[in-house]
Amino acid sequence: MGAKKTSNDESIFSHSRITKLSVVIYALIFVVIILFNSDRNINSSSSSGSSSDSTDSSTNQNQTSKSSDETNDTLSSNSAKANNGVNSHSFNMEPNTQGEVDYEENEDLMIPLPQMTKPQRIAWFRSQLPKLQMLKSRNDSSFHARVSNFFTQNCSTRFYAIWLSPAKFFGQREFMTMDTLLKVHPQGCLLILSSSMDSVLGYRILKPLIDRGLKVLAIAPDLPVLVLNTPAESWLEELKSGNKDPGTVPLFNNLSNLIRLAVLYKYGGVYLDIDLIFLKDLSSLRNAIGAQNMDPVTKKWLRLNNAVMVFDKKHPILLDFIEEFAQTFDGNRWGHNGPYMVSRVVGRVGNTPGYDITILPPKAFYPVDWNKIPEYYKKPEDENGSIWVENKVRELMYGVGTYTLHLWNKRTRKLDIEDGSVMARLFTDHCVVCYGVTRN
């Protein structure tokens, strides 16, 4: 009986050991499965980030924006990535997570039907107002605090760009502007005023620049805060009331005209359109604006452009610009509240003491007119073409007083940058990340 009991005990003990061993094996298998799935998700996320960084705007149009659930699921991991890139800086590079992560302005909402009468257009605009988040203030100090915090760095120059379209349309051409800007001004600080880019997707787009130690940040603009205590404050209130005719020109175009003036007035620096190639350092310029056209005989400017503006904080001309915008606003005439507006004001001010404005010739910012720019995208077909390209590249890169090349995006957006073209040469000589934007 004793021997039999011992045999049973050994059997029970052996079975117990097998059971425990099985539990351990199952646990190990479970851990391996979790680690495998986690690694696969990380790799998938990294691949998505790389794709966002290099996607052309034409490809982006076929993408759909991430759902709220997907964005929230990836937010913590992306915030961690942001923190990894911030350790060497004193400012916070994390995207805004206070309700703006998934938000994208829909510019299609702000384009009225062309056959609408003025009363119909006002009624239509009034119905769209609840959807227009940009006109609403956050009723806190977060915008000013974030801007001020960003500029606590050692910025050689403060730069501002505006992007009011969805982040998924921020393509290679737009990235090219930032790439060349920060190549020419490596110690500059670029602030992108954009609700859609102040997001996880926007951070992914900017990450290649941030990873290289360059100072660029997207912040959703707070328009009521920007126009506070300026002549545009009452204009904005009237617009928000639904009693002002927005006009037939897309409202976002005119809001961009106002935002650039307000941010320069409040903070000072350089405003730039998002369709430029930067060729030379312009940080030495002060209180300057460029002419788009000049009289060939008298050499006097005929029209100015507001695609590049350099002004000190609270310069009096900026307040004049804002006042002119608010008092003469016309949403039915393209350019009336932008290039033509700054031309009207500067023409009136002239050499008024205390203004000290510099009017730069077209070669400074607009060396190639909009109707000639397509030729700069084409590769040379023969030896004469190669000589022409070489001459134009030298003229733009080494010509005295040329700082940028305006690309006139409305005309050139759909053009390929052909390999060997003037554009391809200029970009590859003035880029940091240097994404391939050319074709053979």
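Data table
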{"item": "Residues being out of contact with any strand residue (DSSP E or B) (no Cβ under 6 Å at 6 or more places or on another chain) and either hydroxyl-bearing (Ser, Thr, Tyr) or within 14 Å of residue 259 (Cα to Cα) (or both) - total across the range 330-340", "result": "2"}
{"item": "Long-range neighbours under 7 Å by Cβ, at least six apart or interchain, first residue crowded, with 16+ Cβ neighbours inside 10 Å within the range 332-360, second among the small types (Gly, Ala, Ser) and not in a helix (DSSP H, G or I)", "result": "360/288; 360/290; 360/291"}
{"item": "Condition check for residue 302: of a type in the set (A, V, I, L, M, F, W, C), closer than 20 Å to residue 158 by Cβ and in contact with a strand residue (DSSP E or B) (Cβ under 8 Å, 6 or more places away or on another chain)", "result": "no"}
{"item": "Residues (within 24 Å of residue 315 (Cα to Cα) and surrounded by 14 or more Cβ atoms within 10 Å (Cβ to Cβ)) located in the range 287-300", "result": "287, 288, 289, 290, 291, 292"}
{"item": "Residues within the range 395-427 that are assigned to a strand (DSSP E or B) and touching a Ser or Thr at 6+ places or on another chain (Cβ under 8 Å), tallied", "result": "2"}
{"item": "Some residue of the range 372-379 being over 27 Å from the mean Cα position of the chain (by Cα), in a loop (DSSP other than H, G, I, E, B) and of a type in the set (D, E, K, R)", "result": "yes"}
{"item": "Residue within the range 286-303 that is touching a residue at least 60 places away in the same chain (Cβ under 8 Å), closer than 18 Å to residue 191 by Cβ and not β-branched (Val, Ile, Thr) present", "result": "no"}
{"item": "Residues that are farther than 17 Å from residue 271 by Cβ and touching a Ser or Thr at 6+ places or on another chain (Cβ under 9 Å), drawn from the range 287-315", "result": "301, 302, 303"}
{"item": "Test for residue 311: is it buried (at least 19 other Cβ atoms within 10 Å of the Cβ), at pLDDT 95 or above, aromatic (Phe, Trp, Tyr) and under 23 Å from residue 227 (Cα atoms)", "result": "yes"}
{"item": "Unmet criterion (only one of (1) assigned to a helix (DSSP H, G or I); (2) buried (at least 18 other Cβ atoms within 10 Å of the Cβ)) for residue 387", "result": "(2)"}
{"item": "Unique residue being modelled with pLDDT of 95 or more, surrounded by 13 or more Cβ atoms within 10 Å (Cβ to Cβ), among the hydroxyl-bearing types (Ser, Thr, Tyr) and touching a His at 6+ places or on another chain (Cβ under 6 Å) when the list is 366, 403, 376", "result": "366"}
{"item": "Subset of the range 331-385 [touching a Gly at 6+ places or on another chain (Cβ under 9 Å) and of a type in the set (Ser, Thr, Tyr)]", "result": "366"}
{"item": "Neighbours by Cβ (under 8 Å, 6+ apart or cross-chain): first from the range 214-237, under 14 Å from residue 132 (Cα atoms); second basic (Lys, Arg) and at pLDDT below 95", "result": "222/138; 224/136"}
{"item": "Selected residue (criterion: farthest from residue 284 (Cα to Cα)) from residues of the range 254-267 that are in contact with a Phe, Trp or Tyr (Cβ under 8 Å, 6 or more places away or on another chain) and either polar (S, T, N, Q) or surrounded by fewer than 20 Cβ atoms within 10 Å (Cβ to Cβ) (or both)", "result": "254"}
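The values are calculated or read from the model by the stated rules, or taken from the named source; none is laboratory data. Note that the structure is a prediction, hence the values are computed from the model and not measured. Here Cβ is always computed from backbone atoms with ideal geometry, including for glycine, and neighbour counts include all displayed protein chains.
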